[in-house]
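Input: a single structure, listed below in structure tokens.
The values are calculated or read from the model by the stated rules, or taken from the named source; none is laboratory data. These numbers were taken from a predicted model, which means no experiment stands behind them. Positions of Cβ are generated from backbone atoms using ideal geometry, with glycine treated the same way; all protein chains shown enter the neighbour counts.
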Amino acid sequence: MLPFDADISVPQLRCFIAVVEAGSIARAGRRLGTSAASVSKAIARLEESVGARLLHRSTHALSLTEEGQALLEPARQVLRAAQGFQEAATAAAGGIDSGIVRVSAPVAFARHVLAPLIPGFARFHPEIRLEICASNELIDLAEQAIDLAVRSGPLGGIPGHIQQQWFSFPWVVCAAPGYFEGRPRPDRPEELEGHDLFGFRNRRTGQVQAWPMRAQDGAPARPFPGDARFIFDDGDAAWVAVLAGAGIASAPLWMVADDLRSGRLVELLKDWRGKDVNVSFLRRERDLTPGRVSALMTYLRTRAPLLADLL
């Protein structure tokens, strides 16, 4: 049980959690933007206040003591509470701080979704600057100094991070109307055989990804594209060829929504769409969210891609 007058601060708890997640005091210091000596001093003061050693330290390793393990989750809860207090205080004061927000997002998503939203955000918040870091890799937010990441699909509860859903979307199978000149339109997945299909090669795994499709009874559909005629590792480059009438492809709805509305593309096999995929915000749990980051998240939430008419 802690002494009644225990002098424990949020920065001390942040240092404690950072050391555990980083695996070393030096690495934690780099992630927090401070020196290893400052982190070590904060941990020592926290241990003095608690009255117990929280970390086993050696030349080559660092691990939690039994007391440290017991206090790790309560420490995270305190940081979450402090985060909530700061957000509420910012909202109550109506204050948005200035500065830069660094955002990471997949390359195609940054081009098709984030970039069109930038002018509106700039008009509402001229005091905030944005840096968009387009990358298909899930980078270390702390090491790259990223304030907010946008990612889709299951993220597996990344330790030390908070995931908040933004919107959801399905993948759709589509083609340009011109592709079907002299060709029958497929009404069922098995009728895709003999058509010119596009595949996407994942640069990380080297594999051609199967289209996310399902049968009408909920069972998985036969994997496509199988022997794709065209294989790309860049979604935007592939879509130029699809729009030109080269073949049939599968793509996220947010990427092709405008082309479907305009008639430049037509959707096929709507009854075989895969399950909806979530797009989420990802940020570091240990950081108190600056007002400028909260302002961006609020703006994006109210301007999710307009997909309802195509769902």
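Observations on the structure shown:
- The requirement of being surrounded by 16 or more Cβ atoms within 10 Å (Cβ to Cβ) and at pLDDT 90 or above is not satisfied by L72.
- Breaking point among (1) crowded, with 19+ Cβ neighbours inside 10 Å; (2) modelled with pLDDT of 90 or more, for F224: (2)
- D258 being part of a loop (DSSP other than H, G, I, E, B) and surrounded by fewer than 17 Cβ atoms within 10 Å (Cβ to Cβ): no
- In segment 9-59, residue modelled with the highest pLDDT [restricted to those that are under 13 Å from A75 (Cβ atoms) and part of a loop (DSSP other than H, G, I, E, B)]: L54
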